[in-house]
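First comes the structure, then the notes that go with it.
A short reminder: the numbers here are calculations on the coordinates, not readings from a lab. Treat the numbers as computed from the prediction; the structure is a model and nothing was measured. Cβ coordinates were reconstructed from backbone atoms using ideal geometry, including for glycine residues, and neighbour counts include every protein chain displayed.
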Amino acid sequence: MNECPLHGSGARPEVLVGRRLVEVFAAWHQSADAGAEDPLDVWLIDSQGSSMHVTTGSDWCLIVESSSPHEGYGMGSWGRVEVAPVGDRTPFAAHLGEGVLAVREEFEPESGRIAIEVTFVSGRVRCDSWAGNLRLST
């Protein structure tokens, strides 16, 4: 099955194909010690104004859903989650303004979707769940 037992099948990321990536938001955990290198969540906003949210589930699946970025929030002594445009902090930044040529998904029988790879003219960005964390790579 290509469905997470806890989170269902989620949105179909291939709807991004043929659309331009116009904005990317991400959420990062900020603590007193240091900020996280990889984001907790990313939101891919396309040329039609749709927002695709990518994050990880508690069972290490990769969740892909249609939702807009939320506000940041405090977690007391655990720090804060900041939500903002990515700037140059993720591999998606290099592809802003480009059209999506293809989206490929990977699945595992126990946890459903574990990765998506988004292809642009100038390269690819892979989003995967690695030990329960969202990992973005080229």
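Below are the figures for this structure:
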{"item": "Length released on extending from ARG80 to GLU106, taking residue separation times 0.36 nm less the Cα-Cα span", "result": "6.2 nm"}
{"item": "For SER47, residues with placed amide H under 5 Å, excluding near neighbours", "result": "ARG20, VAL22"}
{"item": "Normalised per residue, the volume of the convex hull around the Cα set of the chain (Å³)", "result": "102"}
{"item": "³J(HN,Hα), Karplus 6.51/-1.76/1.60, whole Hz, each residue of segment 104-118, x for Gly, Pro", "result": "10, 10, 10, 10, 10, x, 7, 10, x, 5, 10, 7, 10, 10, 9"}
{"item": "³J(HN,Hα) computed for each position of segment 26-31 - Karplus, 6.51 cos²θ - 1.76 cosθ + 1.60, integer Hz, glycine/proline x", "result": "8, 10, 10, 7, 10, 10"}
{"item": "Shape call, segment 61-137: gyration tensor on alpha carbons, a/c limit 1.5", "result": "oblate"}
{"item": "³J(HN,Hα), Karplus 6.51/-1.76/1.60, whole Hz, each residue of segment 4-21, x for Gly, Pro", "result": "6, x, 8, 10, x, 8, x, 7, 9, x, 5, 5, 6, 4, x, 9, 8, 7"}
{"item": "Unit charges at the beta carbon, dipole of the chain: most positive-side option, GLN30, SER51, GLY79", "result": "SER51"}
